[in-house]
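Student: Got a structure here, written out as structure tokens. Questions coming.
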Number of protein chains: 2
Amino acid sequence: MMQLTNTQWSITEENIAQAALEKAKEREINALITTVRQQASGIQEFDDLWYLHDFLSARRYDLDGKYDSRNATVIFALAGLVKEGWLKLGELEGLDKEKITKVSAMTRII
Amino acid sequence: MMQLTNTQWSITEENIAQAALEKAKEREINALITTVRQQASGIQEFDDLWYLHDFLSARRYDLDGKYDSRNATVIFALAGLVKEGWLKLGELEGLDKEKITKVSAMTRII
């Protein structure tokens with residue numbers, strides 16, 4: 001499932017990456033639910049409804065791609081989530097050092 | 001602006017139809033805002049967010065067309081709104097009798 005060209009992933013590493021994605025997704029979704037509830041309670045007029053709709057459209061598009069573990073570039077996904085604060089580097093413990101180093105380096109580049 | 005083939009609309013009638021559309025739109029939007037607030041406060045998980053998003057997409061598509069007064073078929077729009085309860089027939093007072101009869105007949109046909 002999870003592959004990065006020229007990079008080997010053990011079953012254990014795949015499970016770790018999968019668990020990390022799920023953890024980050026749950027955190028991000030919970031934050032999004034809170035935001036949407038707040039926005040919805042503040043809706044006063046027509047335009048506010050469509051603002052909420054546009055907001056949800058954008059977040060859905062973003063989230064659908066971001067947590068797709070079939071993605072060949074899961075290491076980029078992990079780096080992005082660390083960068084955004086949904087994951088901590090320590091939560092990737094169990095991946096080999098090379099991968100963790102790559103993730104860490106990417107978060108400093110972006 | 002508002003035209004129906006073979007039907008003449010006076011300026012006064014156009015204004016009446018426009019005001020009726022706006023009144024109905026405001027009522028429908030207010031009801032929609034209440035619904036969206038309730039749905040949003042009940043969001044518990046991922047799927048609920050996208051259910052809300054799908055709901056808003058459908059309502060937006062529906063409402064965008066429904067209240068378009070450039071529509072050549074404003075009399076159908078008025079009939080639909082009466083049928084749905086967003087307008088009362090009496091609120092079309094000032095339109096000529098033929099138009100009111102048509103609207104009334106349509107609401108009984110649909």
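Student: Send over the per residue convex hull volume for chain A, Cα only, as a whole number of Å³. It would help to have the intermediate numbers written out before the result.
Tutor: Numbers: hull volume 10.8 nm³, N = 110.
Considering the Cα atoms of chain A, their hull volume per residue is 99 Å³.
Student: How big is the gap, in Å, between the Cα center of the stretch B:38-93 and the Cα center of the stretch A:37-53?
Tutor: What the calculation gives is 15 Å, centre to centre.
Student: Normalised by the residues of chain B, what does the relative contact order come to in percent, with Cα pairs under 8 Å and at least six apart?
Tutor: Numbers: 76 pairs, mean separation 47.6, N = 110.
Rounded, it is 43 percent for chain B.
Student: What are the DSSP H helices in chain B that stretch 24 Å or more along their long axis, judged by alpha-carbon atoms, and whose average Kyte-Doolittle hydropathy comes to at least -0.5? Present the calculation step by step, with values, prior to reporting the outcome.
Tutor: Values: long enough: B:11-41 (45 Å, -0.45); B:46-66 (30 Å, -0.75).
The qualifying helices are B:11-41.
Student: To continue, here is another question. Would you calculate a helix-derived [θ] at 222 nm for chain B, using -39,500 (n - 2.57) for each DSSP H run of n ≥ 4 and dividing by the full residue count, to the nearest 500? Before the final figure, lay out the partial values.
Tutor: On the way: 4 runs with 76 residues, N = 110.
Computed ellipticity for chain B at 222 nm equals -23500 deg cm²/dmol.
Student: Report the closest approach of any chain A C-beta to the axis of the A-to-B rotation: residue and distance, in whole angstrom.
Tutor: Nearest residue, distance rounded to whole Å: A:A40, 2.
Student: For the pair A:D48/A:K88, report the inter-label distance in nm, with labels modelled 7 Å from Cα in the Cβ direction.
Tutor: 3.8 nm
Student: With viscosity set to 1.306 mPa s at 10 °C, what whole-number translational diffusion coefficient in µm²/s follows for the protein assembly as shown from Stokes-Einstein and a Kirkwood radius over Cα pairs? Spell out each step's value before the answer.
Tutor: Details: Rh = 21.3 Å.
Calculated translational D: 75 µm²/s.
Student: For label points placed 7 Å from Cα toward Cβ, what is the shortest-first list of nm distances from B:G90 to its copies?
Tutor: 7.0
Where a number appears in this text, it was derived from the coordinates with a stated rule and is not lab data. Predicted model only: the values in this text are computed from it and were never measured. Please note: Cβ atoms are built from the backbone with ideal geometry, for glycine as well, and neighbour counts cover all protein chains shown.
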